[in-house]
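Everything on this sheet refers to the single structure shown next.
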Amino acid sequence: MVSTEYLAATGDVAAMSSLVGERDLSKLKWRCRRGLLENDIFIERFFRRFEMQLTFRQAQALNALMDLSDKDLLDLHLDRKPLTEVSPELDLPTVHEVLSMLKMKALKG
């Protein structure tokens, strides 16, 4: 299994579209642990829904979002601030895609 760090360094576009493996997924989940319960709830719901179909590109975007403070991340979740205001350098299509995935409502059932 190729790590997300290797893929980021090489820029292998085809591999970036492949699914995240179990080891990298485990690392990403650990990285996504937050100090604010509300963020943890959004992130747990995200992994329950998307972990089996998460691509390396999406994992990189989620990892970049985890560099934000808990307050900024919650502001993005709740649409209190746009991404361009919170972190202009993260104003990228893949980051917006992952933010949309994070904001999806829980499935009924």
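The values are calculated or read from the model by the stated rules, or taken from the named source; none is laboratory data. On a predicted model such as this, the values are computed, not experimentally measured, just so you know. Counting neighbours? That spans all protein chains shown, and the Cβs are built from the backbone with ideal geometry, glycine included. In case anyone asks, the SASA skips ligands and DNA or RNA and just uses the protein heavy atoms, side chains included. Shrake-Rupley method; radii C 1.70, N 1.55, O 1.52, S 1.80 Å.
Give the residue that is modelled with the lowest pLDDT, with candidates limited to residues of the range 5-41 that are open to solvent by less than 30 Å² (accessible area, probe 1.4 Å) and part of a helix (DSSP H, G or I). Give the steps one after another, and end with the answer.
Initial filter on the range 5-41 (open to solvent by less than 30 Å² (accessible area, probe 1.4 Å)): 7, 15-16, 20-21, 24-25, 28, 32, 39.
Right, trim to part of a helix (DSSP H, G or I) and you get 7, 15-16, 24-25, 28, 39.
Working: Leu7: 45, Ala15: 57, Met16: 59, Asp24: 93, Leu25: 93, Leu28: 94, Asn39: 94.
Restricting to residues being open to solvent by less than 30 Å² (accessible area, probe 1.4 Å) and part of a helix (DSSP H, G or I), the top hit is Leu7.
Scan (1) open to solvent by 90 Å² or more (accessible area, probe 1.4 Å); (2) modelled with pLDDT under 95; (3) not hydroxyl-bearing (Ser, Thr, Tyr) for the single condition Val2 breaks and write down its number.
Only one criterion is unmet by Val2, namely (1).
Of all residues in the range 70-86, which are of a type in the set (A, V, I, L, M) and touching a helix residue (DSSP H, G or I) at 6+ places or on another chain (Cβ under 8 Å)?
Initially, the range 70-86 is screened for residues of a type in the set (A, V, I, L, M), giving 73-74, 76, 78, 83, 86.
Within the range 70-86, Leu73, Leu74, Leu76, Leu83, Val86 qualify.
Restricting to the range 51-94, name every residue that is of a type in the set (Val, Ile, Thr) and either open to solvent by 80 Å² or more (accessible area, probe 1.4 Å) or within 13 Å of Leu28 (Cα to Cα) (or both).
Step one: of the range 51-94, the residues of a type in the set (Val, Ile, Thr) are 55, 84, 86, 94.
Within the range 51-94, just Thr55 meets the criteria.
Which residue pairs have Cβ atoms closer than 8 Å, lie 6 or more positions apart in sequence or on different chains, and pair a first residue in the range 58-80 that is without any contact (Cβ under 8 Å) to a residue 12 or more places away in the chain with a second residue that is part of a helix (DSSP H, G or I) and open to solvent by less than 60 Å² (accessible area, probe 1.4 Å)?
Asp75/Val86; Arg80/Leu74
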